[in-house]
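Here's the structure we're looking at; comments come further down.
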């Protein structure tokens, strides 16, 4: 019959087996977190640049709109004005 002292305790064996797997998983999680952080920074930069571009487009559109309205007003005023100072009642 085997004495109880002849059987090695299971904890040290399982720790030596689990430790490398845990270490690898932690390393992979660290790399994943780094990749995600980098991707989020890139996305933040892209969204900031797009926001600035859209702002410029809106300013350009507003300027174009004002220019078009001014041109339309000028055309309307020019076509309404009597020619040669006469009102057309001959």
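Quick note: the coordinates plus some simple rules give every number you see, no bench work behind them. Not measured: the values here are computed from a predicted model.
Work out how much length residue 62 to residue 23 would gain on full extension: take 0.36 nm times their residue separation and subtract the Cα-Cα distance, in nm to one decimal.
Roughly 8.2 nm would be gained on extension.
Is the shape of segment 20-73 best called rounded, prolate or oblate, per the rule: a/c under 1.5 gives rounded, else a/b larger than b/c gives prolate, else oblate, with a ≥ b ≥ c the square roots of the Cα gyration tensor eigenvalues?
prolate
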